[in-house]
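First comes the structure, then the notes that go with it.
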Amino acid sequence: MVPPAASRGARLVTLRRATVRFGEVTALRDVDLDLARGERLALVGANGSGKTTLLRLLHGFVRHEGTRTLHGATPHGARPSVVMVFQRPFLLRLSVRANLRIALWLRGVPRAERARRAVEALARVGLADVASRQATTLSGGQQQRLALARAWALQPDLLLLDEPTASLDPAAKRDIEQLIERIADDGVTVVMSTHNLGQAKRHMRRVIYLDAGRLLVDLPADEFFNGPLPEEAAHFLKGEFAWR
C-alpha cells in the first residue's frame, strides 16, 4: 500500500471557494485547500466550526458551490479512493469478518482477495481472535479498531477520520492513535478532525483551524502550536492549553 516515493507530495485533492449550505445555514464558506499525498492533517475548532462538514466535502458526500477536484486518476480512469470513518462507526449485526468482507465486496474486490485482505486487516488491528463475534457486541475501542481495519482493507488514498477517539478510555485512545500512525506510515493521506489538541500535536504534521465555517489558519503543526496566530485561533488554543 505504500505509494512510490515519486508520488508522495503530489496533489490529491483541491478545493477552490468551496461553500456548503444547509438551507439558510452556511456550514463552510469559500474554503481553499490543497491536500497532497502522504499528508497528515488535523482539523480543529469549536463545535459547529465546520470540521465534519469539511470531511464530508472532501469525501464528496455533500453538495457544494465552488470546485472539488480529485487528482491522480489511473490510466484506466479510476479515481483516488476516499474512505471515511465516523465518530460512531456503522457496523452490521454480523460477524467481525463479515463486516470486512461485505465492504470489500461492495468495492468490487474479487472473492479470493476479499478473504486475504480481511485476514490481514484483522491481524493488523489485533482483532483476529474475535473474527467470528458479532461486531455490535464489541467494546467501543474494538469497534473503532474494526472500522479502521475495514478502512485500511479498502486501500484508500485518502482516509478521513471524524473524532476517532471521542468517548474512548485512555488505553483505547492510545491503541487507536497507534493504528492511525501505522496507517499514515503506509503512505495513506490522513485528515482527522479532533478536539484533542495533544493528539493533533503528537500525530499530525499540519493543522487547519476553522471558525464558523471559515478556514482561518493553515500551518505546519509546529508553527500552529508554537508560533503567532490570529486572535480567534490564539484564544481557542489558550482555552485548551493553559500554558500558552
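Assorted remarks:
- Test: Gly72 is in contact (Cβ under 8 Å) with a residue 40 or more places away in the chain and either under 30 Å from Leu28 (Cβ atoms) or in the same structural domain as Ile183 (by TED's automatic domain parsing) (or both): yes
- With respect to the stated conditions, Thr189 is buried (at least 19 other Cβ atoms within 10 Å of the Cβ) and touching a residue at least 24 places away in the same chain (Cβ under 8 Å).
- Condition met for Val130 (at negative phi and in contact with a strand residue (DSSP E or B) (Cβ under 7 Å, 6 or more places away or on another chain)): no
- Exclusive hit being among the small types (Gly, Ala, Ser), at pLDDT below 95 and touching a strand residue (DSSP E or B) at 6+ places or on another chain (Cβ under 9 Å), set Gly38, Gly45, Gly9, Gly77: Gly9
- Residue within the stretch 110-124 that is over 19 Å from the mean Cα position of the chain (by Cα), part of a loop (DSSP other than H, G, I, E, B) and surrounded by fewer than 16 Cβ atoms within 10 Å (Cβ to Cβ) present: yes
- Residues of the stretch 125-135 that are assigned to a helix (DSSP H, G or I) and either closer than 22 Å to Ala166 by Cα or among the charged types (D, E, K, R) (or both): Asp129, Ala135.
- Residues of the stretch 215-238 satisfying the condition of being among the aromatic types (Phe, Trp, Tyr) and touching a residue at least 24 places away in the same chain (Cβ under 8 Å): Phe225, Phe236
- Residues of the stretch 14-36 that are within 19 Å of the chain's Cα centre (by Cα) and free of Cβ contacts under 8 Å to residues at least 24 places away in the same chain: Asp34 alone.
The values are calculated or read from the model by the stated rules, or taken from the named source; none is laboratory data. Here the structure is a predicted model, which is why all the values come from computation and not from measurement. Note: ideal-geometry Cβ built from the backbone for every residue, glycine included; neighbour counts use all protein chains shown.
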